[in-house]
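No value in this document is a laboratory result; all are computed from the given coordinates. What you see is a predicted model; the values in this text were computed from it and never measured. Neighbour counts are summed over all protein chains in view; Cβ atoms, including those assigned to glycine, are modelled from backbone coordinates with ideal geometry.
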Amino acid sequence: MSVYAKIRTQKEGAVLTARLAYPERRNAIGPQMVNELLHALAEAHADPEVHVIVLAGEGKAFCAGGDFAQMTSSSEAPPLERHTKPGDYADLLLAMVRAQKPIVAKVHGAAMGGGLGLVAASTLVVASTEAEFGTPEILVGLFPMMIMAILARLVPRRRLMEMMLLGEKLSADEAKSAGLVNQVVAPAALDGAVATLCQKLAAKSPSTMRLGLRAFAEQDDEPLETALPKLRERLAECLATDDAREGLMAFLEKRPPKFTGK
């Protein structure tokens, strides 16, 4: 397992947790953290034992947003050379949206600006009732340019405009109503809720999960006339896997399937 400076990773069974570890800056995201997250995602995808990725944060915040100090200075040391990966924050969002293993965002505190982008780019989101969400960039003379494209795929147009133009915070329940969060639980129940969700995801066929997530990302922006033929091809790929044959046979034999990921 690689060692990082701005994140921490831990593998337990089929779950890899990547934890933002810059609590003194409320896990503000800058170039080094971006590089380390890109590297950790690539490492998780290359590990056949990992079926689910959890994204969490240390300290009081999930991620307070972009590191404004790095936008106005070059004081941060360059990323660790062995973890350097070509790409920036936009590439990280793309890598998350196109991930072929589910990413579960575990949000215990504030997820603002760039931190909200990480939440929106995740596959599923579980939040504590103490979590807050928002796009406060307008308050400092900026605008949430890059995360706008991700948010527009989840949040209704007028609600998104309200968020971006006013910069006000959303509670966890409001974020769920806006389409940003799947599940809201009490702070004491957050660990258990995420663990239960990961257990359910890890029990599914990893090959089917991979093919399904890839197909979803491919068709996301396409018109039906091009998306449906591609999805027909992806269905044929899925039916050709050992896991699909095992799943269908298990259904007919009324027993739990034993997936191998092949």
Suppose every K and R has +1 on its Cβ and every D and E has -1 on its Cβ; what is the size of the dipole of segment 206-252 about the Cα centre, in Debye to the nearest 20? 140
Given a cut-off of under 8 Å on Cα pairs at least six residues apart, what relative contact order in percent is computed for the chain? 15
Just need the relative contact order of segment 97-251 here, percent rounded to a whole number, with Cα pairs under 8 Å and 6+ apart. 25
Equivalent ellipsoid semi-axes - Cα gyration tensor, segment 120-215, angstrom: 28, 18, 10
Just want the ordering: Cys198, Cys238, Cys63, from fewest to most Cβ atoms lying within 10 Å of their own Cβ. Cys238, Cys198, Cys63
Most fluctuating residue given options Pro23, Pro229, Pro156, as computed from a GNM of the chain linking Cα atoms under 10 Å: Pro229
Lys/Arg +1, Asp/Glu -1 at C-beta; segment 154-247 dipole; positive extreme among Gln183, Ala240, Thr226: Gln183
Report the label-to-label distance for Arg245 and Ala90 in nanometres (one decimal), using points 7 Å from each Cα along the Cα→Cβ vector. 4.5
Which one of Ala61, Ala131, Ala227 has the biggest mean-square fluctuation once the chain is modelled by GNM with Cα springs under 10 Å? Ala227
Report P(r) for segment 206-252: all Cα-Cα distances, bin width 5 Å, range 0 to the bin holding the largest distance, values in whole percent. 5, 21, 27, 20, 14, 8, 4, 0
With charges set only on the Cβ (+1 for Lys and Arg, -1 for Asp and Glu), what does the dipole of the chain come to about its Cα centre, in debye to the nearest 20? 580
In the chain, taking the dipole from +1 charges on Lys and Arg beta carbons and -1 charges on Asp and Glu beta carbons about the Cα centre, the listed residue (Ser205, Val97, Leu124) farthest towards the positive end is Ser205
Helix 206-219 vs. the chain, principal-axis angle (Cα, 0 to 90°, nearest 10): 60
Using alpha-carbon pairs under 8 Å, 6+ residues apart, how would you state the relative contact order of segment 106-157 in percent? 42
Could you give me the ³J(HN,Hα) list for segment 95-108, computed from phi with Karplus coefficients 6.51, -1.76, 1.60 and θ = phi - 60°, whole Hz, x at Gly and Pro? 4, 6, 5, 8, 4, 9, 10, x, 10, 9, 7, 10, 10, 9
Using only Cα atoms, what is the ratio of the radius of gyration of the chain to 2.2 N^0.38 Å? 1.04
